[in-house]
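The values are calculated or read from the model by the stated rules, or taken from the named source; none is laboratory data. Keep in mind that what you see is a predicted model, and the values were worked out from it rather than measured. Positions of Cβ are generated from backbone atoms using ideal geometry, with glycine treated the same way; all protein chains shown enter the neighbour counts. Quick note on the areas: whole protein, heavy atoms, side chains included, nothing else; ligands and nucleic acids left out. Shrake-Rupley method; radii C 1.70, N 1.55, O 1.52, S 1.80 Å.
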Amino acid sequence: MDHVARVVLGHRDLFEDDAALGVHVLLAAEPVDQVLRGEGFVLAVCDSSIPGEHHGYLADSTLAWLDGILSGTPHEVPVLVAFHHPPVELHTPYVDEIRHFGQERLAALADRHPHLLAFLCGHAHTAAVTTFAGRPLLVAPGVVSSIRLPWETQTDPGHHLHLDEPPAVAFHVIGDDGRLTTHYRVVVARR
């Protein structure tokens, strides 16, 4: 079995540091949207980043592109839609302030496409599962750090990340019956 991986751009990607100016310079002026047509599935990767901002939003051009991908995909083929920022609150105040906004536009698009199987995102630095637009929303865990949940001990209000936790990843499998299963794994050095 071949395994396919795609990278979803986040709010810190495609930037170049300019130390002399103390700013980040965006290297891509337009959204970087991608599609992967696999055997029995489609993965549509939408760029929700906004140059110079931490929160997310899907540009009109991205929504039109996604609508075209969904409209051009036969209804018997499941489609996964991925982006960086979660379009709902995850009950982590730090992340909720910089989530995906304008989510009602994406929900309206999803309503027109019943073969949209699930949404995949990251940004929260914690594995989480919830729903959005009547479908699963699967949040990838952090690969560099993990967010402290509101009920976890913090030494001060700004101490919202665990920097000593191991990275983790999510593996998504669409079965022959069309059912999506996600496995979360912590990445540790081989012993």
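Using only the Cα atoms, what convex hull volume per residue in Å³ does region 135-185 have? Intermediate results must be reported in sequence, preceding the final value.
On the way: hull volume 4.8 nm³, N = 51.
Output value, Cα hull per residue: 95 Å³.
Given a 1.4 Å probe, how much area per residue of region 32-189 is accessible, in Å²? Intermediate results must be reported in sequence, preceding the final value.
On the way: 8020 Å² over 158 residues.
Each residue of region 32-189 exposes 51 Å² on average to a 1.4 Å probe.
Ordered by packing density, taken as the mean number of other Cβ atoms within 10 Å over each peptide's residues, highest first, how do 120-133, 103-116 rank?
Numbers: 120-133: 19.6, 103-116: 15.4.
Highest mean packing first, the order is 120-133, 103-116.
Can you sort 151, 65 by solvent-accessible area, 1.4 Å probe, largest first?
Values: 151 190, 65 70 Å².
The most accessible residue leads, giving 151, 65.
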